[in-house]
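A.B. asks: Shown below is the structure under consideration.
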Amino acid sequence: DFSVSLPKLRKDEMGELGESIMILAHDLELLKNERDEFLASISHELRTPLTYIKGYAEIARRKDTGVEDLDKYLGIIHEEAVKLSKLVKELFHLAKMDENNFSIEKEPVHLRPYLLGIAEKFSLALKENQMELVLNCPDDLYSCLDPIRFEQVILNLLVNARKYSDPFTKIMIDVSEMNSKLHIKVADQGKGIPEKDLPRIFERFYRVEKSRARALGGAGLGLAIVKQLVEAQGGTIHVTSRPNVGTTFEIIL
Ligand code: ADP
């Protein structure tokens, strides 16, 4: 139980130890609130798809449900089950990272062919949206990184860039070296992120427009995973954005 209540003392009566205890109690209280909020978010996110699945399965089982409706309901059930399994996968991933229960295996990577490979895998999804990916990366750049984890970082950013952009727009991946640091930018020409939301978008479960983002299939965990994976490799990530102009994520390694 974190709710420690201390007798009210004046500052000069507390002494150093008393003051430290007050600070600790305050920190523990904040942690408890954070944990409660996290659990509430998880249970909400799990419950929403389950409610749809239960509801539509119930109507699908009615004797008077026509074949066409049945097909529609099964489609919704499938869609929600996919969301649920993505969410469980993401939560598992975050939990493993929290426990430091995953290893980063770095190796030298030739960046241009590596990024072209990722772009190639993503090209079908982009084609569906009539979008285009432009890669700008000099051929002589190498980096020491975990190729599997870093692919997940780039893919999560590409998935978002696609999700929050209109057809016929472009996504740019731009790589350069400055002061022996690598700068990898993933930029889109999409709907952008309001300035007030920018400081919070890497938080778990944070979404700019909850209902819209959910309809697009996100629980708000993608960027939290990205940030954790980048930092685990010793890098940093920043975002700049202008509503209706586009968003740029910059990773510095
Ligand atoms: P989600 O699964 O909802 O996409 P993320 O953690 O990946 O969650 O992103 C958090 C929120 O940040 C999203 O809900 C979206 O509102 C916003 N966002 C992320 N990337 C972009 C982008 N490229 N353009 C516009 N908004 C974005």
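A.B. asks: Can you work out which of the residues in segment 155-172 that are out of contact with any helix residue (DSSP H, G or I) (no Cβ under 7 Å at 6 or more places or on another chain) and under 11 Å from L133 (Cα atoms) is least open to solvent (accessible area, probe 1.4 Å)?
C.D. replies: A161
A.B. asks: Given the conditions (1) in contact (Cβ under 8 Å) with a residue 24 or more places away in the chain; (2) not in a helix (DSSP H, G or I), report the number of the one that A81 does not fulfil.
C.D. replies: The one condition A81 does not meet is (2).
A.B. asks: Among the residues that make up segment 173-183, is at least one of them basic (K, R), within 12 Å of the ligand (Cβ to nearest atom) and open to solvent by 70 Å² or more (accessible area, probe 1.4 Å)?
C.D. replies: No.
A.B. asks: Going by what's in this entry, would V186 be described as crowded, with 21+ Cβ neighbours inside 10 Å, closer than 27 Å to K96 by Cβ, at pLDDT 95 or above and within 9 Å of the ligand (Cβ to nearest atom)?
C.D. replies: yes
A.B. asks: Within segment 204-216, can one find any residue that is among the hydroxyl-bearing types (S, T, Y), away from the ligand (no atom under 15 Å from the Cβ) and without any contact (Cβ under 8 Å) to a residue 60 or more places away in the chain?
C.D. replies: Taking every residue of segment 204-216 in turn, none turns out to be among the hydroxyl-bearing types (S, T, Y), away from the ligand (no atom under 15 Å from the Cβ) and without any contact (Cβ under 8 Å) to a residue 60 or more places away in the chain.
A.B. asks: Mind listing whichever residues of segment 53-73 are open to solvent by 100 Å² or more (accessible area, probe 1.4 Å), closer than 25 Å to S85 by Cβ and either of a type in the set (A, V, I, L, M) or within 30 Å of the chain's Cα centre (by Cα) (or both)?
C.D. replies: Of everything in segment 53-73, those that are open to solvent by 100 Å² or more (accessible area, probe 1.4 Å), closer than 25 Å to S85 by Cβ and either of a type in the set (A, V, I, L, M) or within 30 Å of the chain's Cα centre (by Cα) (or both) turn out to be K54, K72.
A.B. asks: With the requirement that a residue be polar (S, T, N, Q), exposed (fewer than 13 other Cβ atoms within 10 Å of the Cβ) and touching a residue at least 24 places away in the same chain (Cβ under 8 Å), what does segment 97-152 give you?
C.D. replies: Of everything in segment 97-152, those that are polar (S, T, N, Q), exposed (fewer than 13 other Cβ atoms within 10 Å of the Cβ) and touching a residue at least 24 places away in the same chain (Cβ under 8 Å) turn out to be Q130, N136.
The values are calculated or read from the model by the stated rules, or taken from the named source; none is laboratory data. A quick note: this is a predicted structure, and the numbers were derived from the prediction, not measured. Quick reminder, even Gly has a Cβ in these numbers, built from the backbone with ideal geometry, and neighbours come from all protein chains shown. Keep in mind that these areas ignore ligands, DNA and RNA; they rest on the heavy atoms of the full protein, side chains included. Shrake-Rupley method; radii C 1.70, N 1.55, O 1.52, S 1.80 Å.
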